[in-house]
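Quick note: the coordinates plus some simple rules give every number you see, no bench work behind them. Since the model is a prediction, treat every value here as computed from it, not as a measurement. Reconstructed Cβ throughout: ideal geometry from the backbone, glycine too, with neighbour counts over all protein chains shown.
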Amino acid sequence: MPRPICVRMVILRPSLSRKTFGWSLLTIGALGLVLPFLQGFLFLAMGVFVLRDQHIWAARRWGWVAGRWPQQVTRIEEMEASLGRRLAGARERVWRLFSRP
């Protein structure tokens, strides 16, 4: 009987643009493992980071990365949250600029 895998609750947020971007990074990462001028591991890690909210397998891999390098993962996730807040603010300012009568 297979052993159950305990994984923290994963909330998937499907997004076609994130999936496309993440899979592109994984493809570049796979090429980078073969080609000497690309950093394959870096692109693979970025691809898993982008896909962690899209696929359960990516969330599991990201969990492994978070267990291995917790301080770096915390910093990366804080930077992502900060960028999201900045983009939301910029989007709101542009919306106000163009929605004036």
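Mean residue ellipticity at 222 nm from the helices of the chain, using -39,500 (n - 2.57) per DSSP H segment of n ≥ 4 over the full residue count, to the nearest 500 deg cm²/dmol?
Per the formula, -24500 deg cm²/dmol.
Provide the per-residue ³J(HN,Hα) series for the stretch 35-51, in order, calculated from phi with Karplus coefficients 6.51, -1.76, 1.60 and θ = phi - 60°, each as a whole number of Hz, with x at glycine and proline positions.
Per-residue couplings from phi come out as 7, x, 9, 10, 8, x, 4, 4, 5, 5, 5, 5, x, 5, 4, 5, 8 Hz.
Given that just one value was derived from the coordinates, which of (1) 21; (2) 45; (3) 53 is percent of Cα pairs over 22 Å apart?
Calculated percent of Cα pairs over 22 Å apart: the matching label is (2).
Sorting MET46, MET79 on the 10 Å Cβ count, fewest up front, what's the list?
MET79, MET46
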